[in-house]
1. For region 129-142, give me the residue count where each residue is open to solvent by 20 Å² or more (accessible area, probe 1.4 Å) and in a helix (DSSP H, G or I).
2. Specify the residue that is most open to solvent (accessible area, probe 1.4 Å); the eligible residues are those in region 40-65 that are in a loop (DSSP other than H, G, I, E, B), in contact (Cβ under 8 Å) with a residue 24 or more places away in the chain and closer than 13 Å to Gly182 by Cα.
3. Given (1) closer than 16 Å to Leu87 by Cβ; (2) open to solvent by 10 Å² or more (accessible area, probe 1.4 Å); (3) part of a helix (DSSP H, G or I); (4) not β-branched (Val, Ile, Thr), identify the lone condition not met by Ala160.
4. Quick check on Lys191: is it surrounded by fewer than 18 Cβ atoms within 10 Å (Cβ to Cβ) and at pLDDT 95 or above?
5. Can you tell me which residues in region 119-138 are in contact (Cβ under 8 Å) with a residue 40 or more places away in the chain and out of contact with any Phe, Trp or Tyr (no Cβ under 8 Å at 6 or more places or on another chain)?
6. I need every pair where a residue in region 202-230 that is open to solvent by less than 50 Å² (accessible area, probe 1.4 Å) and in a helix (DSSP H, G or I) has its Cβ under 9 Å from the Cβ of a residue that is at pLDDT 90 or above and of a type in the set (S, T, N, Q), sequence separation at least 6 or different chains.
7. Could you pull out the residue among Glu106, Glu37, Glu75 that is more than 26 Å from the chain's Cα centre (by Cα), under 30 Å from Glu126 (Cβ atoms), open to solvent by 70 Å² or more (accessible area, probe 1.4 Å) and modelled with pLDDT of 90 or more?
8. When you scan region 82-95, do you find a residue that is open to solvent by 20 Å² or more (accessible area, probe 1.4 Å) and part of a helix (DSSP H, G or I), even just one?
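The values are calculated or read from the model by the stated rules, or taken from the named source; none is laboratory data. Please read all numbers here as calculations on a predicted model, not as lab measurements. Every residue, glycine among them, receives a Cβ derived from its backbone with ideal geometry; neighbour counts consider all protein chains shown. Only protein heavy atoms, including side chains, enter the accessible area calculation; ligands, DNA and RNA are left aside. Shrake-Rupley method; radii C 1.70, N 1.55, O 1.52, S 1.80 Å.
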Amino acid sequence: MKNKIKKYCVIVLSALLLTSCTTENKTTSLPSPELEEGIRGSQFGIDKNINEKTIDQYLNREDAVYRDMRMLIDEANYEAIGGDSYLSGYVEGFEIVPYPYLVNVEGLPEEVGTSYQGETLFSHNEDGYHANFEESMSILEDLFPKDKTIFLMCGGGGYAGMTKNMLIDLGWDANKIYNTGGYWFYEGSHKVQIKHEENGKAYYDFHKVNYHPILFSALHKLNQDSSSTGPKEETKIDTKDLPSISLEEIEEKKESGDTFALYITLAGCTSCAKFSPLIERFNEEGYIDIYEISLATIKERSTSFLKDKVEYTPSVLLFKDKEILASLSP
């Protein structure tokens, strides 16, 4: 009996020691941020010690946050430099916060063209960064807590470097921010694959992404009437390239087992106006049939199976084999 008790105590003690070591590894001291040599350091600001090759050693830290600064679908042509404009995957633990929503994008390579040109939390000019909304700074502080170490990543390192420069300029501690480089060069063991191919077509499982969109229509612009509680003017949603569909037709296609996407919009939704060109671009690629319907139409029909499935716009539902396979919403 004593031997059994002794053996049990050894097992428990070993488990406690193992747990203690694991916790310690998650909070051990980090090397100070240091730029890589060459163009990766001078132009992109990628860290010498913590980057695509070593980031696996620094995941799951309790004192850190992990942010991937890419968009789900970027308007810039990153294929021109060997990358991808669609978010094809990310490193486990990283949450997606699109840099082009934070501030106007500057300095992209000529062959890439321009990225998203819509509303942003901040504007940047020769005088520095300026908030566009009353909530801009509080949103930035929520997404990038000042009391945490911040690990940044994107496709090639550019957006991550721009984010680091922005945060430092706005008062963040430079010694707690690391540009860990680009997902396109990551070969570690914590890759989460978003893109997959079926029958020669590419599909993107965006529902797997921990994504932080910014609903600008719900924010309060600076230098406007403080009594305003919503957008000043209604924005017309123009999706001329997308066919509309009725609730009856949706039900029929669903029960037939068809594979198709449903894009839900709403008149006056400024986010829809910005997102619609991306949906149309995706539609032009011919990966999947995409149909448009208004959220108002869905909510008016109390018997619709979609009534409790969608609450916000813009939203996208992917139907396959009589089920909603995936969804994307703010």
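1. Matching residues across region 129-142 total 5.
2. Among residues in region 40-65 that are in a loop (DSSP other than H, G, I, E, B), in contact (Cβ under 8 Å) with a residue 24 or more places away in the chain and closer than 13 Å to Gly182 by Cα, the one most open to solvent (accessible area, probe 1.4 Å) is Lys53.
3. Going through (1) closer than 16 Å to Leu87 by Cβ; (2) open to solvent by 10 Å² or more (accessible area, probe 1.4 Å); (3) part of a helix (DSSP H, G or I); (4) not β-branched (Val, Ile, Thr) one by one, Ala160 breaks only (2).
4. On the way: surrounded by fewer than 18 Cβ atoms within 10 Å (Cβ to Cβ): yes; at pLDDT 95 or above: yes.
When the stated conditions are applied, Lys191 passes them.
5. His124, Gly128, Glu134, Glu135
6. Going by the 9 Å Cβ cut-off, the qualifying pairs are Phe216/Thr120; Phe216/Asn132.
7. The match here is Glu37.
8. Checked against the condition, which is being open to solvent by 20 Å² or more (accessible area, probe 1.4 Å) and part of a helix (DSSP H, G or I), region 82-95 yields no hits at all.
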